[in-house]
Amino acid sequence: KYDKTFVCSPPQIKGESGVKLQYTHCRLSGIEDNSGATMPASCDPSLLTEPIVNDLVGVISQFDEAILTSYESLESCYLAKYLFNL
């Protein structure tokens, strides 16, 4: 009989894998849900003066390239690598 069960505990989630991305997303979503904090509907970009903001915008601008490379190569690892870099 084939067992479809997949057990994945945090110690088993290693490296830069899609499974680790999904696990991290679930953890962060849970923290966000339980915090009770709400995100503002808009922000004033002039307040974003830290140099790291420019770095983040640069990485975000590479999203289309990551999607296209993953699509053309039929390899999801390019998207996973982009998301870990983000």
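What follows is calculated from the coordinates using simple rules that are stated; it is not laboratory data. If you're wondering where the values come from, they're calculated on a predicted model, not measured in any experiment. Glycine also receives a Cβ, built like all others from the backbone with ideal geometry; neighbour counts cover every protein chain displayed.
The stretch 39-86: percent of C-alpha pairs farther apart than 12 Å?
Working: 762 of 1128 pairs.
The answer is 68 percent, as a whole percent.
What is the local net charge at residue 81, summed over the other residues whose Cβ is closer than 11 Å to its Cβ (Lys, Arg +1; Asp, Glu -1)? Residues near residue 81 contribute -2 overall.
Ordering 30-41, 66-77, 50-61 by mean Cβ neighbour count within 10 Å, with the highest value first, yields 66-77, 50-61, 30-41.
Counting Lys +1, Arg +1, Asp -1, Glu -1, what net charge surrounds residue 16 among other residues with beta carbon under 15 Å of its beta carbon?
On the way: positive: 14, 20, 81; negative: 75.
That works out to +2.
Could you give the length gained on full extension between residue 86 and residue 33, defined as 0.36 nm per residue of separation minus the Cα-Cα distance, in nm?
Value of the extension gain: 16.9 nm.
Would you mind getting me the FRET efficiency between residue 14 and residue 41? Use the beta-carbon distance for r and R0 = 30 Å, nearest 0.05.
Details: r = 38 Å, r/R0 = 1.28.
The computed FRET efficiency comes out at 0.20.
Maximal additional length on extending the residue 67-residue 22 stretch stands at 14.5 nm, based on 0.36 nm per residue less the C-alpha distance.
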